[in-house]
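One structure is given below, encoded as structure tokens.
The values are calculated or read from the model by the stated rules, or taken from the named source; none is laboratory data. Please read these numbers as outputs of a predicted model, since none were measured by experiment. For neighbour counting, all protein chains shown are included, and Cβ atoms are generated from backbone atoms with ideal geometry for every residue, glycine included. Remember, those area values only see protein heavy atoms, side chains included, never the ligands or the DNA or RNA. Shrake-Rupley method; radii C 1.70, N 1.55, O 1.52, S 1.80 Å.
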Amino acid sequence: MSTHPVLSKLKDASLFIEKGHIDGAWVTAASGKTFDVLNPANDQRIGACPDFSVAETNRAINAAHNAFSSFRDTAPRERARLLRCWYDLVMANADDLAVVLTAEMGKPLAEARGEVVYAASFLEWFSEEAPRVYGDTVPAGNRPGASQVVTVREPIGVCALVTPWNFPAAMITRKAGAALAAGCTAIIKPAGETPFTANALVELARRAGMPRGVLNVVTASTANTPAIGAALTSSPLVHKVSFTGSTAVGKLLMQQCAGNTPGGTLKKVSLELGGNAPFIVFDDADLEAAVEGALISKFRASGQTCVCANRLYIQSGVYDKFSARLAERVRREFVLGDGSKAGTTHGPLIHSRAAAKAESHVHDAVQKGAKVLVGGSVTGATAAFVQPTVLTNITSDMRIASEETFGPVAGLFRFDTEAEALQLANSTEFGLAAYVFSRDVHRAWRVARSLDVGMVGLNTGIISDAAAPFGGVKSSGFGREGSKYGIEEYMSVKTITLGAERVQSRL
Ligand code: SIN
């Protein structure tokens, strides 16, 4: 019987794959180089994946390029069936996928399983979108018999999908589901911290009948990732780059996609970047609902989602009550620990550097006058565990006011007027998500319309859904994922104009 920390827990051990996927085959790096993947809950090595080079990345690009010539012409219904079959297999293997995800990313098993179901929902959604890509007929010209104009949507080509570690499954399916539905082929570059979830998903895609070369996975260590990113963005065969991650890396990739290197091409880009979400609670809010919303929106994935509430603005009339209730529930309900253990509600952060950043936000705030109601330190089996923390008396000069914490630290600001809340909420370069709690429907609507963000949760802390457009404005990026818009990111519109028949003399 296996004693391997992941294999021993899987019903189907063949889903744990220490290779990359190029041109329809599971392969190792020609150099033999690998990188270790560690479990953040105990720092134990759970396996190793190939540290691929630029040469192998180019092989994956070529494979996707060759596959595109036929995949683009598959019937939309056929692509729909492929995605639906992939969806069924992901759902059937959700328990195993959750085990792999928890081991490499750290989120508790129940939450990991929730992510797998969320990930599968994108495959289901885009299986339904694939046959529903319509064009237009355009009434053109200003005289009878003028040109006829129609538009058709065409798959853009080979796509590079660069995905993060915080949602190792859902960010892959949100991109790949849309790309494949459109008729594109892809190279997935998963985060160096979480390659095994990507491999398990792609193995299930193979079993669903994904044709050779359509879906490739290039694994690489964190250190080697910039070189792979440069290869993907400089290849003339890649037509689209979709990235989820930090604003700094997003800006770099966008520069690289602008073709400023010899022979470089201009690529279509979608960027889902950092957030710094405001969470506004007005005096007239349903306070229990607001606390519930904060628990979910702030502490999901231990505060490591791009849409996590980062700055909580609470109106003076309910500030003390809200902060006491939030702290009480965090103290009473949250159990920090190894995500694979029963009873754990919150796992470690992805690594000790992430924990150090969250801790430094707490220290900075406390030095400048903040009060710790609960939590406040790094503590646990590894240096990646940060106690779920609630801080009061937060002010705009503290780092937490302007930087994304990406950890389980809720900083509570006090405000008096609606105008003040709006001014504070919008005073950031980021614009991904925001949350508003108020029973006054006019106020809720007014504030939602005035927030400079891509998504607003009104009286809810949950905004993620395959049917809802996901994306931001300002330094949080552009492009929309999921929803009816998601597939557009992988298509281009072709306009076909049929010249008017030359009218002969009627005489
Ligand atoms: C993200 O953090 O990038 C994704 C969050 C989500 O889809 O809910």
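Assorted remarks:
- Residue, nearest to the ligand (Cβ to nearest atom), within the range 168-200, restricted to residues that are over 20 Å from M491 (Cβ atoms) and in contact with an Asp or Glu (Cβ under 6 Å, 6 or more places away or on another chain): A170
- Any hit, the range 151-161, residues being part of a strand (DSSP E or B), in contact (Cβ under 8 Å) with a residue 60 or more places away in the chain and touching an Asp or Glu at 6+ places or on another chain (Cβ under 7 Å): yes
- Taking first residues from the range 293-309 that are on the phi > 0 side of the Ramachandran plot and partners that are within 11 Å of the ligand (Cβ to nearest atom) and among the charged types (D, E, K, R), the Cβ contacts under 9 Å between residues at least 6 apart in sequence or on separate chains come to A301/E115.
- Pairs are defined by a Cβ separation below 8 Å, a sequence spacing of at least 6 or placement on different chains, a first member in the range 443-472 that is among the basic types (K, R), and a second member that is buried (at least 21 other Cβ atoms within 10 Å of the Cβ); the pairs so defined are R443/F282.
- Residue within the range 469-482 that is assigned to a helix (DSSP H, G or I), in the same structural domain as Q148 (by TED's automatic domain parsing) and closer than 28 Å to G177 by Cβ present: no
- Against the list (1) surrounded by 22 or more Cβ atoms within 10 Å (Cβ to Cβ); (2) within 14 Å of the ligand (Cβ to nearest atom), the condition S483 fails is (1).
- Unique match (being open to solvent by less than 10 Å² (accessible area, probe 1.4 Å) and within 24 Å of Y87 (Cα to Cα)) among P164, P155, P195, P211: P195
- In the range 72-94, the condition of being touching a strand residue (DSSP E or B) at 6+ places or on another chain (Cβ under 9 Å) and within 21 Å of R212 (Cβ to Cβ) is met by at least one residue.
- Residue among D452, D465 that is more than 16 Å from the ligand (Cβ to nearest atom), of a type outside the set (A, V, I, L, M) and in a loop (DSSP other than H, G, I, E, B): D452
- Subset of the range 298-313 [among the polar types (S, T, N, Q) and closer than 20 Å to R113 by Cβ]: S302, Q304, T305
- Qualifying residue in the range 274-283 (condition: open to solvent by 10 Å² or more (accessible area, probe 1.4 Å) and more than 18 Å from A358 (Cα to Cα)): yes
- Restricting the first member to the range 366-389 and to residues that are closer than 28 Å to R414 by Cβ, and the second to residues that are β-branched (V, I, T) and assigned to a loop (DSSP other than H, G, I, E, B), the beta-carbon pairs closer than 9 Å and six or more apart or on different chains are K368/T395; G369/T395; A370/T395; V386/T379; Q387/T379; P388/T345.
- Test result for L237, assigned by TED's automatic domain parsing to the domain that holds R59, buried (at least 24 other Cβ atoms within 10 Å of the Cβ) and of a type outside the set (V, I, T): no
- Among the numbered conditions (1) of a type outside the set (K, R); (2) over 17 Å from E481 (Cβ atoms); (3) crowded, with 24+ Cβ neighbours inside 10 Å, the only one that E203 does not meet is (3).
- Residue within the range 255-272 that is of a type in the set (D, E), modelled with pLDDT of 95 or more and under 21 Å from K474 (Cα atoms) present: yes
- The condition (being open to solvent by less than 50 Å² (accessible area, probe 1.4 Å), in the same structural domain as V214 (by TED's automatic domain parsing) and within 15 Å of P211 (Cα to Cα)) is satisfied by just one residue among F68, F35: F68.
- Residues in the range 5-24 that are out of contact with any Phe, Trp or Tyr (no Cβ under 8 Å at 6 or more places or on another chain), without any contact (Cβ under 8 Å) to a residue 12 or more places away in the chain and within 26 Å of L215 (Cβ to Cβ): A13 only.
- Only a single criterion out of (1) assigned by TED's automatic domain parsing to the domain that holds S297; (2) more than 23 Å from A248 (Cα to Cα) is not satisfied by V453, namely (2).
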